[in-house]
Structure formats: structure tokens, C-alpha cells
1. What residue in chain B has the Cβ closest to the axis turning B into A, and how close is it in whole Å?
2. Could you tell me the accessible area of A:K285 in Å² (1.4 Å probe, neighbours in place), rounded to the nearest ten?
3. Give or take rounding to whole Å, what are the principal axis extents of the alpha carbon atoms in the stretch B:121-207, in descending order?
4. How far apart are the B:L37 label points across copies, placing each 7 Å from Cα toward Cβ, in nm, shortest first?
5. Which percent of Cα-Cα pairs in the stretch B:147-251 sits in each 10 Å bin, short to long?
6. How much of the calculated P(r) for the stretch B:88-168 lies past 22 Å, in percent of all Cα pairs?
7. Place the label 7 angstrom along Cα→C-beta at B:A257 and in each other copy, then list the distances from the first to the rest in nm, shortest first.
8. May I ask you to find the residues of the stretch A:231-251 that are shielded by at least 40 Å² of accessible area once the whole protein assembly is considered instead of their isolated chain (probe 1.4 Å)?
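The values are calculated or read from the model by the stated rules, or taken from the named source; none is laboratory data. Note that this is a predicted model, so its numbers are computed, not measured. Reconstructed Cβ throughout: ideal geometry from the backbone, glycine too, with neighbour counts over all protein chains shown. For the accessible areas, the whole protein counts, side chains as well, though only heavy atoms, and no ligand, DNA or RNA atoms are used. Shrake-Rupley method; radii C 1.70, N 1.55, O 1.52, S 1.80 Å.
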Protein chains: 2
Amino acid sequence: MHAGTLRPLLERLGSAESVLTHSAAARPPDATIEAALRWLERPGHHFVPLDAAVYPPLLAQLTDAPVGLFVRGDPSALSLPQLAIVGSRNPTAGGRDHAASFASHLARCGLAITSGLAIGIDAAAHRGALGAEGITVAVCGTGLDIDYPPAHGGLAAAIAARGALVSEFPLGTPPLQMNFPRRNRIISGLSLGTLVVEAALRSGSLITARLAADQGREVFAIPGSIHNPLTRGCHQLIRQGAKLVETGDDIFAELRALAGALAPALQAAVPGRQNPASAGPALDKAYEILLDALGFEPASVDVLVERTGFAADEVASMLLILELDGKVESRPGGSYVRRVLKAAK
Amino acid sequence: MHAGTLRPLLERLGSAESVLTHSAAARPPDATIEAALRWLERPGHHFVPLDAAVYPPLLAQLTDAPVGLFVRGDPSALSLPQLAIVGSRNPTAGGRDHAASFASHLARCGLAITSGLAIGIDAAAHRGALGAEGITVAVCGTGLDIDYPPAHGGLAAAIAARGALVSEFPLGTPPLQMNFPRRNRIISGLSLGTLVVEAALRSGSLITARLAADQGREVFAIPGSIHNPLTRGCHQLIRQGAKLVETGDDIFAELRALAGALAPALQAAVPGRQNPASAGPALDKAYEILLDALGFEPASVDVLVERTGFAADEVASMLLILELDGKVESRPGGSYVRRVLKAAK
């Protein structure tokens, strides 16, 4: 954590204390605060309060948004357009494959893949995104200084290097059953939508899906054999209105539309938020080329591929981010146009 | 066909001719009519004109109801509460199993199982119903004197013995591609709902499902692996609003409610129709015991099983038929009460 982000934390220590410790009532022992400050001094460790520009805008929309987030990795990853992928801790081989392949495909499309670092579907989704050299976000139900689950230390390090681990729980918080449903609202709240891959009835994944629906986000579910108990949860969700998906493109098509609809609200809510399209000079250059190639007449991805020489998945990914940022607009039939930015004229 | 049902046919020969032959404009050769009359003389062969009491009431509701039906077997089977089961001619082993097991379970619940006598899902559904000693109806796309598909001669004979084969096409009509979609409206039109088991996109089964929806009937679909091309049609239907079903009971619960809602309209439309609950003295006795056991206070199936000593599936099946006949009413929570028959007092 840099001094710049530490200062606001220290200034609002009264409320930050309640974040840094488990009890809002008792003043935490000085040793706890000192341990937290020492953790924050290590590279890639951050605390992001609710009023920070880098606080993820979709999460900020929740009425019960965490007052602050501990982050290990790149906090700006939390503001990327995200798909949550959740499911059983004991999936079938097929379910694991689906989690990995949907994550991989959608990461290539420009979505960050968000999950809960659990064994099973969660880990397969994180690994699928990492394998595609995409961005992935792990929302933890423990303090970020706790290795949980113990077997996922290496996966956590890889996620921190290509995205972020995030928790609202104070450092030192052990894995407590009661904290996981609470954690799930952050998984769904960071994301444009939640995909449930394989889930039993009455499972935590269905809680995440219900939270996503309550938050006004999309819920997707993969159907499967009626003889597999782990499709019951998915089928129940589909009956309740979740979108049945067969391919990653089914999801991308929906989220692209949703991202477009959300963009103005997000920009109004968080005018100063970090623009993922301005993350670096090389990135900026690519976006500039794409915007130049895209006039105010609708153009398809194919046309833009031809005009820019970029790969189709790169173009699709950049268009999604530009749409979220309100710079382009998608049109019926899969074409795009630049948006006239009236306020800037 | 008995003389009693033959007479109305002969009296309206002007319109019956158009049924007995392919062209409504040309007068059929006498030889064609004579062949039809000879066919009708054989035992179990019938022609049921639209105005006959035994004409199936659900089919009569269609704006394009056939003006008459050739029937081989028991015409009253066409008026039983029915579920259509349709699907691919080249199903997977799993799809075939589903067709047979759903058909068998729902036949035991008291539904007749209706399909198109085709190879694949159709045949598995007919066989499932027959294996459960249930009633099954085959709607043919050819004249009933044509063995089609050729391999299903034995199956057709078994269906005629435990239900009925039915066709609107004149005797001698060969298998013509254009007639099968037309035939499909009879499959869905006879039935309270249509279950699609496995179906490719742009397949005949989806036409049947669309016709069912247009006719205001239920559409059910079984989900499956996203890697099976034959679940695509089912998944498309679910996206369009078909009910995703995992078990036969999912279907039975829906149809029971629909049967209850349809009963008054059907009774008003066809006051003289054959009452399936009065098919024979032994059957009557069982229904009498059940009605006696069921008072005007709501009782559950379990309670009725205890009071009557009948098996649960028998009780459920009889309740469905009594509900269709307007003699009992289902209440929220799965209980039943007798209906007060005001007109009879």
C-alpha cells in the first residue's frame, strides 16, 4: 500500500478500525492495528476504502457495500467488467471442464473472471482465466493473510500476479462458516453476472446466484444430465429465470448488452474512477487505433479486425471495455459506433 | 366400424369424401370409397367425424381440427388426458431411456402417452407406456392401411390393442414429407402438453412444440449435456419458455393443474363425451371408494392412500381423471376435495 492510499485510511481510522478488527464495538488492540499496517507495507498489499476512486463501481452500488476492501494484487482489476463463475466444491470432471473452458473463453473476450478461491469449480474458473492469460479476481472469506484453502497458496500467488485477491474481513480472520455467504455478495456484487456451473440444491452457489439476482445482475446456469445431482441447482435457477447457457458466447452477448446499459450509471456514480482503457501507454495506443478505425457509421467486429489488424478476440474485448466506458455503443446485429460525447463538446 | 358410427359418415358423404381422398375438388373413384368402406368393416377400424360424441374434445378446440379421424383401436382412448412425447429419430441411448421412463411413469399416473410412431424417441415413448400397461396413442402421417415405418408393424398392433392409431389422411396416403408437420398438430392438439426429449435445432419435434404452444398447451423439455447436439432443441425451447423438467412428477404436477382448469370448458363443449371414469364396473367401484374416502374437507394423496388401501400412483391417477371430469378439485399444497355438483341438485 502506498502512502497515498494509506492516508485516507488513517484519517478515517474510527471506521477503518471496524474493518481492521472483527468487533465494531471494542477498540482493537494496538498489536492488531500494527500487524495490519505491517501487512499493508508489503508490495501489492492495499486497503481500498469505499470513497476511493479505485473502489470498484459495481460493488459501490450495493446498499451493503463493504466499507473497505483489503486487496492483494492490482486493485484496478476490481473495476474491470467481470463475470463471476461459481459452483460445487466437488464437481464432476465435466463441470470442472466447463468452468475452465467458459473462464478461458470469456477471459479472452475481455472479462475478468471472479470467483471464491474454493476447491472445485472456483479453482477451475481461476485457472481457466489464468491459462488464457486473462485477469482473475478471488474474493476471500478469510483475512488475506490467512492461506485458505491451504492447498491454494500457489494459485493465490498467481491470481495476485494477474489480478487481485480481495476480502472485506480483517486480517487474521480465520475461515468461519458464517462469513462465506457474506463473502458471496461481493463475488456477485463485483460482477455484471454470475455463472453457476454445477451446484447442488441448497448450496452456497445458489446463495451467490440469488444475491446476484437481488443486485439486479444477470444469472447464468449451465444445464446438464437430469441424473447428475449437481445439475439440480442449475436447473432450479433456470426455472426461476436464470439464463440457460450452452456456450461462452451466450454469456458474452448478454453481458455486452448489460455493460452498455450500465455504463452511463457507472460513469455518473463514479466520475473519477480509474479508466481501464487508460491503464498504460501501450494499451492507450491500441484503443486509440481502434477508435480511429471505428467511425460514427456502424461497423462490425470483422470490419474492425480488417481495419486494425488486431485479432477478433482483442477487438471484442476492447469494444466491451470501451462500451463500459461509454465511448462506443453496440447496435443491433453486432455492429458498433462511436458515441458522440456531448458533455465534452 | 359399427353401422351406428358409419351412418353419420354416409349421411355427410359430401364432406367425408374430402377426408377419404386426397383432393377435395375431384370426386374420388368409386373403388377408393369402396376400399375405405371395406377397411372400415374390419374389427377395431373406425371413422370419427368432427361432430361425433367420441371425437376428442381437446382436438375439437383447434381452429384447424381435422374434419374426421380414421382410428384403429379404441376411439375413446383419444379423449383420455394425454401427454405427447416427441423427439429425435436418432436419439442417444440416454434420450431413448428418458422417453421410455417418462412414458412409463406418466402412463402409471393415468395419462395416455401420445406420439408419432416414428423410430427413435416416438417408439421408445409408445413402448414405455405399453410396458407400464398404460394407454398409448399413435398419430400417423400416412393412411392407416399403410405400414409406416415398415419396422413398426408389431408396435402398431400392440398400440391398437392398448389404445389407438389415428390419422386424418385418407386410406392409401403414402408417407409424404409435407404431411408430417400437418400430422404434428394432431399430436399436440390431442394432448394437455408436449414433452420434447431430445431434438436437434430445426427439427420436426420443435414444430410440434411450437404448435402445442400456439394451441395454448404446455411444453416441457428435458435438459442435457451442452455437448450433445440433440439437447440444443430442448435448450432452445426452455429459453423460449418451455418448462424444464427433471422427472415425470414435474410434468404430472403441471398437467394436473391444467386438467383442472380445462375440465369445465371441456365438459361444456362436449357434454355427452364418454367418461373415462365410467369405463367399466370394476373401475367404477374403485372411483366410488375413492370418492367416498374423499369428503368435502381437503385430503392429501397420502391420507387417501391410507383410507382406501390403494397404491399412491393409483390414487394420483384416479384423482387426475376425476379432476378432468369435474368431480374433484385440487387445492394448494397438493390436497383434494370433492366438488359440489350444483347442477345435479
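1. It is B:P223, 2, counting Cβ atoms only.
2. A:K285 has an accessible surface of roughly 110 Å² with all protein chains in place.
3. The principal-axis extents, from largest down, are 33, 30, 23 Å.
4. Result, one decimal in nm: 11.0.
5. 14, 38, 35, 13, 0
6. Details: 531 of 3240 pairs.
The share of Cα pairs beyond 22 Å in the stretch B:88-168 comes to 16 percent.
7. 2.6
8. Residues losing area: A:H235, A:R239, A:L244, A:E246.
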